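Structure first, commentary second.
Taken together, the values in this text are just the output of simple stated rules run on the coordinates, not laboratory data. All figures in this text were calculated on a predicted structure; none of them were measured in a lab. Cβ: placed from backbone, ideal geometry, glycine included. Neighbour counts: every protein chain shown.
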Amino acid sequence: MSDKDSESPTQPNDDRNIAKVDSDTAGLTPDEQLTLIWDKYKSLVIKVAASLLIIGALWYGIKIVGARKLESIQKEYVQALQDDEAKSDPGQSKEIQLANTIAFAEKHPNQPLAGQARIKAGHAYFKIDSFEEAATHYGAAVGALNKVPELAGLAHVYQAVATYRSGNKEAGKNLLETVANNKAYLDTHRGEAYYKLGVIALSEQDLDAYTAQETAFENAALEHASQLLAQLKTFRENFPAEGFDPLSPIPEKVSPKLTVPVPTSSTGAISPTGAVNPTSSK
């Protein structure tokens, strides 16, 4: 083709006014652009949508299965309690009476209900002064209730007291220190730990340790344990400056007035049934 032909008005060689037909062109209508985008990405969109549907279905299925499993565990726990209650006999040991409850806890060690079952077993052994066995169950309860600090703190206090009463005093005091310093626990449980550390220090005639515990109790600023702190100070004022002879593994409290979010009785401290009680060492 000659240069003359290329310059013909019917065959111009200037292509600046010719629209490019591809996905990047601005010369297409919105509908045409959407069509091109869909053709380019529809495979990816379909895969993502399918993945989301599968994930949603799995999540829903897991939720349904989890709910049914929890319901089954709850029924199993109630049945274990009922079976032990039916076999209950004053002439039998607590271990036999709680065999099903303990078996349930061993089967579901990480369930909160297993923690409650362990606390129940701990109370039973504490009641018959089998403190080492009680401490074992309370310790297992702490592990099972790690996501329920409101109950884990209570089980931890029981474990500390049972450990101390078993004769392992240093370990018991260390556990009380752990409870006192755990900010996830309720003020009342932390306050109970500080209180017991204070009276233990007095019972051991260690006034330096007592002063340290009272100061730590004050600095903790536990709003819902202020009454326990006042009782601890009152308790200290009732004894000579040089200390006193031990009254019991964990001495009696002076004031019978104690407000805590658990049942109380007049028999003292942590009772065999699990209450944090106001006046005695058991």
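What are the radius of gyration and Dmax of region 93-180, computed over its Cα atoms and given in Å?
Cα only, region 93-180: 12.1, 34 Å (Rg, Dmax).
With a 10 Å Cβ neighbour count serving as the proxy for reagent exposure, in which order, fewest first, do Ile119, Ile73 appear?
In increasing order of surrounding Cβ atoms, one gets Ile73, Ile119.
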